[in-house]
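Engineer: One structure, pasted below without further comment.
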Amino acid sequence: MQCAAASSTALVRQSLALQAARVCSVLRQAAPALPVEMQLAIAEHCLGSPRCEGCCRCFETGCARALWSAPSDAVPDTRVLCAECGHLRTVTTRPVVPLGSELWPLRTARVSLVEKPTWRPCRHFHREGDGLRAVRHRWSGLHSFRTIVCGEWVVRGTVTYQLHFPRLEAPCAVGIGVVNPQAAVNWDIAWCPGTRDWEDAYGLCIEGVELDAERTDHAIRALGEEKRACFGGSGTTTALVGGAGPQAASSNLEESALPVLLQGDVFRVTVDATARALTIQRRVPVVRSEMTARHVHKWEPAICMTLHDIADGTSGASSTAAGGQAPPLALTVSLKYASDECHLIARD
């Protein structure tokens, strides 16, 4: 997968350079006295929505957006692959344009497809709303976690998603996490990343306690009977971002530090494949501001985990730079009750 990302990145870089060179060629004919720096700046402006070789073509439009960084910005190297075709959905690259006998570098560009990623097919879920909405199978009679995987792999860099849970049957139960390609997703019932020491799967699990005895007979928990939530996975270190004391960095955050879950909640999930980190934030219920008469969204303190899953036994960006083999990561969502829903509403 790393090789596929590298070859696709080269195609995107060459495609951007070729299109920029064509723009510069036209500008030299129309305005021969125009400085080269101005030609390159105009070329970058013209390439705001390029069509690049090496990018995913699974969507009808295939429209991409290029964001050109400021010269002083440090742009992280990001590569995100489509799980279906294996081509890039997001990449950062710096094209070099040949003008005459010289090579002129453009600014670094982050090229992303406009379309949000869809969920991968799974027999335990309905995929609706162009594949952006995952619904736990409506005929499911056994109440247990099943997991659906996002249709893209974060190979390098950081991607942030927003997840909305508009329908959750009480007692609410949700899992949010990441897996790598070796994970045996849904290998057993009540499969949720971060629980039961599943390998190659990490995340947050929130599982309410069932009070109806009749429903309990048709339910299988991923957590212990008295446990409300857990955050972690095999070989992880967790932290409460902005927290102090023993919860600032520990092998297991205390349950009280983990978010509660309500129907209608929105979570912001950041997957960092370079630093091997997963960060999750819950948006607090909407508050109407008396000062502005607008609805104000606030976020709870983030919880973060570091994954120790690189082949040389270490973690983080320094190990990756030193040659450690870091597997790509994919976002996952786990739902327990029939007709529970998750919407992928944003991706950065």
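Engineer: Students often check this: by mean Cβ neighbours within 10 Å, which of 86-98, 120-132 ranks highest, and how do the rest follow?
Structural biologist: Values: 86-98: 21.6, 120-132: 15.0.
Most protected by this proxy first, the peptides run 86-98, 120-132.
Engineer: Can you give me the three principal axis dimensions of segment 1-159 from its C-alpha atoms, in Å, biggest first?
Structural biologist: Each principal axis gives a Cα extent; for segment 1-159 these are 74, 26, 25 Å.
Engineer: Oh, and also: Pick from Ala64, Ala134, Ala219 the residue whose mean-square fluctuation is largest in a GNM of the chain, springs joining Cα atoms under 10 Å.
Structural biologist: Sorting by GNM fluctuation, first place goes to Ala219.
Engineer: Right, something else. Once the other residues with Cβ under 13 Å from the Cβ of Thr108 are scored (Lys, Arg +1; Asp, Glu -1), what is the net sum? Before the final figure, lay out each step's value.
Structural biologist: Numbers: positive: Arg13, Arg94, Arg107, Arg110; negative: Glu44, Asp73, Asp77.
In short, +1.
Engineer: Quick one: among Glu226, Glu210, Glu254, which has the greatest mean-square fluctuation in a GNM of the chain with alpha-carbon springs under 10 angstrom?
Structural biologist: Looking only at Glu226, Glu210, Glu254, the biggest GNM fluctuation is shown by Glu226.
Engineer: Within 10 Å of each residue's Cβ, count the other Cβ atoms and sort Val266, Val154, Val333 from fewest upward. Could you put the intermediate results ahead of the total?
Structural biologist: Working: Val266 20, Val154 23, Val333 30.
Listed from fewest to most nearby Cβ atoms, that is Val266, Val154, Val333.
Engineer: Related question: Calculate how steeply helix 2-30 sits against the longest principal axis of the alpha-carbon atoms of the chain, using the helix alpha-carbon long axis, and give the answer as 0 to 90 degrees to the nearest 10.
Structural biologist: The angle comes out near 40 degrees.
Engineer: Using only the Cα atoms of the chain, construct the convex hull and provide its projected area averaged over every direction, in square nanometres to one decimal. Show your work: numbers first, answer last.
Structural biologist: Details: hull surface 87.1 nm².
Projected area, direction-averaged: 21.8 nm².
Every number here is computed from the coordinates shown, using simple stated rules; none is lab data. Note that the structure is a prediction, hence the values are computed from the model and not measured. Heads up, the Cβs are rebuilt from the backbone with ideal geometry, glycines too, and the neighbour counts pull from every protein chain shown.
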